[in-house]
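Right, one structure below, let's go through it.
The values are calculated or read from the model by the stated rules, or taken from the named source; none is laboratory data. All values derive from a computational prediction rather than experimental measurement. All Cβ positions, glycine included, derive from the backbone under ideal geometry; neighbour counts span all protein chains shown.
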Amino acid sequence: MQLIATGDDLGKVNLFRYPTVKEGAKFVKGVGHSSHVTKVRWNAKDTHILSTGGNDTTVMQWKLNNK
């Protein structure tokens, strides 16, 4: 399954199926940052996501759980 990861201004990391072809598509939300997310990147093996927060200045690592 191909996924795309995004960050938002509410501190959440969101995972969408790719391609997402319609507005309002369902997604999985990860909650962790206390302020806006400035960057979201996959690692080289596509098993983890790294995200950085704005005002909280944290770096978070998210593991993709294939259930």
Checklist entry - Do we find that Gly32 is touching a residue at least 24 places away in the same chain (Cβ under 8 Å) and more than 10 Å from the chain's Cα centre (by Cα) in this structure? => result yes
Next on the checklist: Residues that are of a type in the set (A, V, I, L, M, F, W, C) and either free of Cβ contacts under 8 Å to residues at least 12 places away in the same chain or in a loop (DSSP other than H, G, I, E, B) (or both): does segment 37-51 have at least one?
Outcome noted: yes
Checklist entry - Hey, among Lys29, Lys12, which residue is charged (D, E, K, R), buried (at least 16 other Cβ atoms within 10 Å of the Cβ) and modelled with pLDDT of 95 or more? => result Lys12
Checklist outcome for this item: Picked from segment 32-51 (must be small (Gly, Ala, Ser) and within 14 Å of Gly11 (Cα to Cα)), the residue surrounded by the fewest Cβ atoms within 10 Å (Cβ to Cβ) is Ser34
Checklist outcome for this item: Scanning segment 32-67 for residues that are under 13 Å from Leu3 (Cβ atoms) and among the hydrophobic types (A, V, I, L, M, F, W, C), the one modelled with the lowest pLDDT turns out to be Leu64
Next on the checklist: I want to confirm something. Restricting to segment 52-67 and keeping residues that are free of Cβ contacts under 8 Å to residues at least 12 places away in the same chain and on the phi < 0 side of the Ramachandran plot, which single residue is surrounded by the fewest Cβ atoms within 10 Å (Cβ to Cβ)?
Outcome noted: Lys67
